[in-house]
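S.K.: One structure is given below, represented as structure tokens, and several questions about it will come after.
The values are calculated or read from the model by the stated rules, or taken from the named source; none is laboratory data. Here the structure is a predicted model, which is why all the values come from computation and not from measurement. For neighbour counting, all protein chains shown are included, and Cβ atoms are generated from backbone atoms with ideal geometry for every residue, glycine included. When the accessible area is computed, the model is the full protein with side chains, heavy atoms only, and any ligands, DNA or RNA have been set aside. Shrake-Rupley method; radii C 1.70, N 1.55, O 1.52, S 1.80 Å.
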Amino acid sequence: MPDDVLGFDGAAALIRAWSRGLRPDPDLTVSSWADRHRKLASRASAEPGQYRTARTPYMREIMDRLSPGDATQRIVFMKAAQVGAPLALDTAIPTPFGWTTMGEIAAGDLVYDERGCIARVTGLSPVFEDRACFAVVFDDGEEIVADGDHRWAVWDFTNDQPVARTLTTAAMASRVSIGARGTRRRYAIDCCDPIEMPEQDLILHPYVLGLWLGDGSSIMNHISVHEEDAEVVEHLRACSVEAEFRLPHWRKGRIGNVVIDPTFRMRREDGASLSDCFRSRFVTRLRQLDVLDNKHVPLPYLRASRTQRLELVRGLMDSDGTIGPDGKRCEFSNADRRLIDAMIELLRSLGYKPTVYHGKARRKVFGADGRPSDSAEYWRISWTAYAEEPMFRLSRKRARMRSIENGRPWKSRRRRIAAIRPVPSVPVRCIEVDAPSHLFLCGKGWIPTHNTEAGNNWIGFVIHQAPGPMLAVQPTVELAKRNSRQRIDPLIDESPDLRERVKPARSRDAGNTMLSKEFAGGILIMTGANSAVGLRSTPARYIFLDEVDAYPASADDEGDPVTLAEARSLTFAHRRKVFLVSTPTIRGLSRIEREFDASDQRRYFVPCPHCDAMQWLKFERLRWEKSRPETAEYLCEGCERPIAEHHKTRMLERGAWCATATAADPITVGYHLSALYSPVGWLSWQRIARAHEAARGNDEAMRAFRNTILGETWMESGEAPDWQRLLGLKEDWRAGTVPAGGLLLTAGADVQKDRIEVDVWAWGKGLQSWLVDHIVIEGGPGDPACWQKLSDLLSRTWQHASGTQMTIARLAIDTGYETAAVYAWARQVGFAQVAPVKGLEGFNRASPVTGPTFVDATIAGKRLRRGARLWSVATSTFKAETYRFLRLEPPETSPVDGERFLPGFIHLPGWIDAEWLKQLTAEQLVTVKTKRGFAKLEWQKLRERNEALDCRVYARAAAWILGADRWSEARWEELAAQFAVNESRDNASTTAPQPGRKAQVRRIARSSYMG
Ligand SMILES: [Zn+2]
């Protein structure tokens, strides 16, 4: 090995590590390692517990390509955001249709509000970082992390009579306890009413499942019951399963055995062999529910109708529940935390207030496997219930319940706040819901989905089984740090095998551009694709490149980060492994698609449950009735018969990866996976259909749908609109006045050598926009008079159709040409009304506007540190949006039906000239080849002058900065009301063209063509 390879910081440690770790590669594969050694923490996963490859069978081959025994050197995985990673849905949010995450939730989705009641999302805030956060602890042990400004509907118990108030978390924080000794809890919130949800088509009656989960054998169709409770057989039969009560001669005490669906004892009438009918249908159903040897409550049961959930509780209670001597307190004990958590969720959704106790067993505890547990740990849930809604089916237990007339039901209907304490800030997001309280839902430890469990399993495997130097790259150093803290640390902590191998972190790594973990025989270096130093840090046998489509084009101007990183592995020749993973972005820009296209393009083929035809799942074959996504089914390619969601489990089990192309490079294999393959209980076909319906007509949402759900790229259409067509669409209003629909003014200013051009735009509902003014200030940045005129614009007013005078809410000014002069001016007039902006290239930016960042400014020769603010604008995104909006058709000219303008419609005034329109349409998006031969999308000018387009993009950015993109319909209505525009006039002029108005539009159109 050449010397210069080892001339880096930490080389000595690496050599030490190697010399200790020289040993042959293991036979164990990454997937079998994960099944044996990987544990998922409950806080970081929607399905905590032992990692189970069987849940996502398609991940096995991908992971095993990463094992040292496999000859593949490069593994490319292009995937939907939610497949392969859902085991780590860090901010899992339960919805009636399954889990979603804080990052993926959309307006219109159904969620539970903070009390567990069902609500519809009506608005979403951006993700906030660095907010004051608090952990709110309730008397039943539940803990919610909430923003300090979050408002709660609480009962205040300061006086004898509780008073209903709405208070923020921060306001309550210091006064949670009152009374002389500080022992009284001042605030309480109501428990929710029972949640009504539609009845689910469940493959096993919930009572039967509950009974089996409580006391059943974890691998077969036997349930142990007390001999007094033989009547259970009748209840089971009532739930349409066959059951027999048996008293085995070996029985201990008075415990008998109920055998459900004992068909395996019978021979088939046609004399077929015994093994054909050995499997009981009951066991088959348990297997379909994935509960065999894996006792838990499947999601559809948690989201079932109220009656179904109650039946599930009764099943669990008939086996593992008791009623207290007072006839009111019900108790459920179990040693399986997952069953306990499910029971709590069920009870809350039924309007009860369960309290959990954790303890050491004083008596024998039966674990999830139905055998006495070695661990003395168990949990006990206790809650108050009355005979009016029995918690049991068994008559013996049922008879002991008391009537509500003898109780104090209100006491069990409130949850007291036990403590509120500050916690380290986590990124939070608020959801506006249509619940009566309009209360939130806040993220618990929000983490972006820049991760795959496959990659993490690989990391664990390397540390444990095949040590060597490993480089793990995230899009940025910042993300690498976050990933290290939130993913890699728990990965190591949760596994004793890893814990004992990894050295404690060295403090000097903190704040570095790379993070490292040393372990016997190797080192894991984590860094960001934006840091050339990090990428050059070390030779590495293993290279994990995560979310490559979010990588910058170049790392510190030193070139393509993927190439830089891969170069580190060349020393290891055929022993190297490179794993590239990403959700794709835009066609032509997407690295992962480029890599996948060059690979053998494997797809996961699954058999049709009806005709066995092997096929890979395509979105076009998902069919549903229009506006009824709940009817979604998959149509088989072979027999055209519909395949239902519940078939998926079996299909995935029997699936196989097949190449669909010949790889350009034989050492590379490529995999593609869409969310259509999500296992039952995660993202269902119904939800995918619903997401597609919701995204229809909105390019931005459709792009997100293609990228994150289908795992496919989005084709950006960047053809310049035809300016002559626009000429024909001009409408009639006076220059310098604001039409009735315009409710907010922003301006975009473009600084040129000899002038500043300013366009003033009005914005309204659905982000329709109107050009209000076009101003050219002669002079240029060197001329103080020019800046004075620009300042004057900030206090100038424009008259709204209602007569109200409007000022510019925000003016965005380009800093590209004379940065210092722009900063100086902006500082002088203040940042409340002015936003200096810098245009950035590229599409793969999470948000089209970021900032502000504080930048140094020079004012009157003096340098001011952090003296100015700067927003970064992804101009490509807004240019593409502007062209999309310009292509929208105006409503058909029909005076009767009052058709609306489409959201985003750009209204152009009659007074604007052809030159301005040509400037607005001056660029087009083209695919160009880079020097290294990669395709790249780029905006190119079709003509020299394009100020109108630049000004539009800046004014659009100003509207974004003001938050207009996230305003609800209600907020726009409020604004409209402030203009004293009555509803009918408002409609008349902006949304519902009436005869007079329409005639005008047409007249102008005609005259424009003729003129
Ligand atoms: Zn078929």
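S.K.: Scan region 738-749 residue by residue and report those that are over 16 Å from Gly963 (Cβ atoms) and out of contact with any Gly (no Cβ under 9 Å at 6 or more places or on another chain). Write out each step before concluding.
M.R.: Start the filter on region 738-749 by keeping residues that are over 16 Å from Gly963 (Cβ atoms), which leaves 738-742, 747-749.
Hits for region 738-749 are Val738, Ala747, Gly748, Ala749.
S.K.: Tell me, which residue of region 883-899 that is open to solvent by less than 20 Å² (accessible area, probe 1.4 Å) and out of contact with any Leu (no Cβ under 7 Å at 6 or more places or on another chain) is modelled with the highest pLDDT? Walk me through it before giving the result.
M.R.: First, pick out the residues of region 883-899 that are open to solvent by less than 20 Å² (accessible area, probe 1.4 Å): 883, 886, 891.
Restricting the remaining residues to those that are out of contact with any Leu (no Cβ under 7 Å at 6 or more places or on another chain) gives 883, 891.
Details: Tyr883: 86, Pro891: 78.
Checking each candidate, the answer is Tyr883.
S.K.: So, of the residues in region 153-168 that are open to solvent by 60 Å² or more (accessible area, probe 1.4 Å) and part of a loop (DSSP other than H, G, I, E, B), which turns out to be nearest to Ala132 (Cα to Cα)? First the steps, then the outcome.
M.R.: Filtering region 153-168 for residues open to solvent by 60 Å² or more (accessible area, probe 1.4 Å) gives 155, 158-161, 163-166.
Remaining after also requiring part of a loop (DSSP other than H, G, I, E, B): 158-161.
Details: Thr158: 26, Asn159: 29, Asp160: 32, Gln161: 32 Å.
Result: Thr158.
S.K.: Next question. Does Leu564 satisfy the criteria of being within 23 Å of Arg74 (Cα to Cα), assigned to a helix (DSSP H, G or I) and at pLDDT 90 or above? Full working, then the answer.
M.R.: Details: within 23 Å of Arg74 (Cα to Cα): yes; assigned to a helix (DSSP H, G or I): yes; at pLDDT 90 or above: yes.
Criteria met by Leu564.
S.K.: If Tyr634 meets every condition in (1) at positive phi; (2) touching a Lys or Arg at 6+ places or on another chain (Cβ under 7 Å) apart from one, which number is that one?
M.R.: Unmet for Tyr634, out of (1) at positive phi; (2) touching a Lys or Arg at 6+ places or on another chain (Cβ under 7 Å): (1).
S.K.: If you scan region 944-969, which residues turn out to be open to solvent by 60 Å² or more (accessible area, probe 1.4 Å), in contact with a Ser or Thr (Cβ under 9 Å, 6 or more places away or on another chain) and farther than 17 Å from Gly904 by Cα? Before you say what the answer is, go through the steps one by one.
M.R.: Going through region 944-969, the residues open to solvent by 60 Å² or more (accessible area, probe 1.4 Å) turn out to be 944-945, 966, 969.
Restricting the remaining residues to those that are in contact with a Ser or Thr (Cβ under 9 Å, 6 or more places away or on another chain) gives 966, 969.
If the condition is that a residue be open to solvent by 60 Å² or more (accessible area, probe 1.4 Å), in contact with a Ser or Thr (Cβ under 9 Å, 6 or more places away or on another chain) and farther than 17 Å from Gly904 by Cα, then no residue fits.
S.K.: Does Phe579 fit the bill of being within 14 Å of the ligand (Cβ to nearest atom), part of a strand (DSSP E or B) and of a type outside the set (S, T, N, Q)? Reasoning before the result, please.
M.R.: Details: within 14 Å of the ligand (Cβ to nearest atom): no; part of a strand (DSSP E or B): yes; of a type outside the set (S, T, N, Q): yes.
Answer is no for this residue.
S.K.: Being open to solvent by 10 Å² or more (accessible area, probe 1.4 Å), touching a residue at least 40 places away in the same chain (Cβ under 8 Å) and under 10 Å from Ile543 (Cβ atoms) is the filter here, so list the residues in region 559-571 that pass it.
M.R.: Arg568
S.K.: Taking Asp549 as meeting all but one of (1) within 16 Å of the ligand (Cβ to nearest atom); (2) in contact with a strand residue (DSSP E or B) (Cβ under 7 Å, 6 or more places away or on another chain); (3) of a type in the set (D, E, K, R), write down the number of the exception.
M.R.: (1)
S.K.: What number of residues in region 306-320 are at pLDDT below 90 and open to solvent by less than 10 Å² (accessible area, probe 1.4 Å)? Before you say what the answer is, go through the steps one by one.
M.R.: Just the residues of region 306-320 that are at pLDDT below 90, to begin with: 306, 319-320.
If we keep only those that are open to solvent by less than 10 Å² (accessible area, probe 1.4 Å) as well, we get none.
Here the count works out to 0.
S.K.: Could you identify the single residue in Ala675, Ala663, Ala694, Ala704 that is closer than 30 Å to Thr882 by Cβ and touching a Gly at 6+ places or on another chain (Cβ under 8 Å)?
M.R.: Values: Ala675 fails: closer than 30 Å to Thr882 by Cβ; Ala663 fails: closer than 30 Å to Thr882 by Cβ; Ala704 fails: touching a Gly at 6+ places or on another chain (Cβ under 8 Å).
Being closer than 30 Å to Thr882 by Cβ and touching a Gly at 6+ places or on another chain (Cβ under 8 Å) holds for just one of Ala675, Ala663, Ala694, Ala704, which is Ala694.
S.K.: For region 729-736, state whether one or more residues are crowded, with 21+ Cβ neighbours inside 10 Å and not in a loop (DSSP other than H, G, I, E, B).
M.R.: No.
S.K.: Name the single residue, out of those in region 685-728 being open to solvent by 60 Å² or more (accessible area, probe 1.4 Å) and part of a helix (DSSP H, G or I), that is modelled with the highest pLDDT.
M.R.: Among those residues, the one meeting the criterion is Arg706.
S.K.: Any idea which of Gly782, Gly851 is in a strand (DSSP E or B) and either open to solvent by 30 Å² or more (accessible area, probe 1.4 Å) or modelled with pLDDT of 85 or more (or both)? Write out each step before concluding.
M.R.: Details: Gly782 fails: in a strand (DSSP E or B).
Every option except Gly851 fails the conditions.
S.K.: Filter region 285-296 for residues that are touching a Pro at 6+ places or on another chain (Cβ under 9 Å) and closer than 26 Å to Glu231 by Cβ and give the result. I'd like the intermediate steps shown before the answer.
M.R.: Filtering region 285-296 for residues touching a Pro at 6+ places or on another chain (Cβ under 9 Å) gives 289-291.
Residues satisfying the conditions are Leu289, Val291.
S.K.: Would you call His574 touching a helix residue (DSSP H, G or I) at 6+ places or on another chain (Cβ under 8 Å), part of a helix (DSSP H, G or I) and open to solvent by 50 Å² or more (accessible area, probe 1.4 Å)? Spell out the reasoning first.
M.R.: Details: touching a helix residue (DSSP H, G or I) at 6+ places or on another chain (Cβ under 8 Å): no; part of a helix (DSSP H, G or I): yes; open to solvent by 50 Å² or more (accessible area, probe 1.4 Å): yes.
Here the answer is no, as His574 does not meet what is asked.
S.K.: Can you find a residue in region 751-767 that is in a loop (DSSP other than H, G, I, E, B), open to solvent by less than 10 Å² (accessible area, probe 1.4 Å) and in contact (Cβ under 8 Å) with a residue 60 or more places away in the chain?
M.R.: The initial filter retains those residues of region 751-767 that are in a loop (DSSP other than H, G, I, E, B), namely 752-754, 764.
Adding the requirement that they be open to solvent by less than 10 Å² (accessible area, probe 1.4 Å) leaves 764.
If we keep only those that are in contact (Cβ under 8 Å) with a residue 60 or more places away in the chain too, we end up with 764.
Scanning region 751-767 turns up at least one residue that is in a loop (DSSP other than H, G, I, E, B), open to solvent by less than 10 Å² (accessible area, probe 1.4 Å) and in contact (Cβ under 8 Å) with a residue 60 or more places away in the chain.
S.K.: For region 907-923, which positions are of a type in the set (D, E, K, R) and touching a residue at least 60 places away in the same chain (Cβ under 8 Å)?
M.R.: To start, the set of residues in region 907-923 that are of a type in the set (D, E, K, R) comprises 913, 915, 918, 923.
Scanning region 907-923 gives Lys918, Glu923.
S.K.: Select, from Ile523, Ile543, the only residue that is open to solvent by 10 Å² or more (accessible area, probe 1.4 Å), at pLDDT 90 or above and either assigned to a strand (DSSP E or B) or aliphatic (A, V, I, L, M) (or both). Working first, answer last.
M.R.: Numbers: Ile543 fails: open to solvent by 10 Å² or more (accessible area, probe 1.4 Å).
Exactly one residue qualifies, and that residue is Ile523.
S.K.: Under 8 Å between Cβ atoms, which residue pairs at least 6 apart in sequence (or on different chains) link something in region 634-651 that is of a type in the set (A, V, I, L, M) with a partner that is more than 7 Å from the ligand (Cβ to nearest atom) and assigned to a loop (DSSP other than H, G, I, E, B)?
M.R.: Cβ pairs passing all conditions: Ile643/Pro609; Met651/Pro609.
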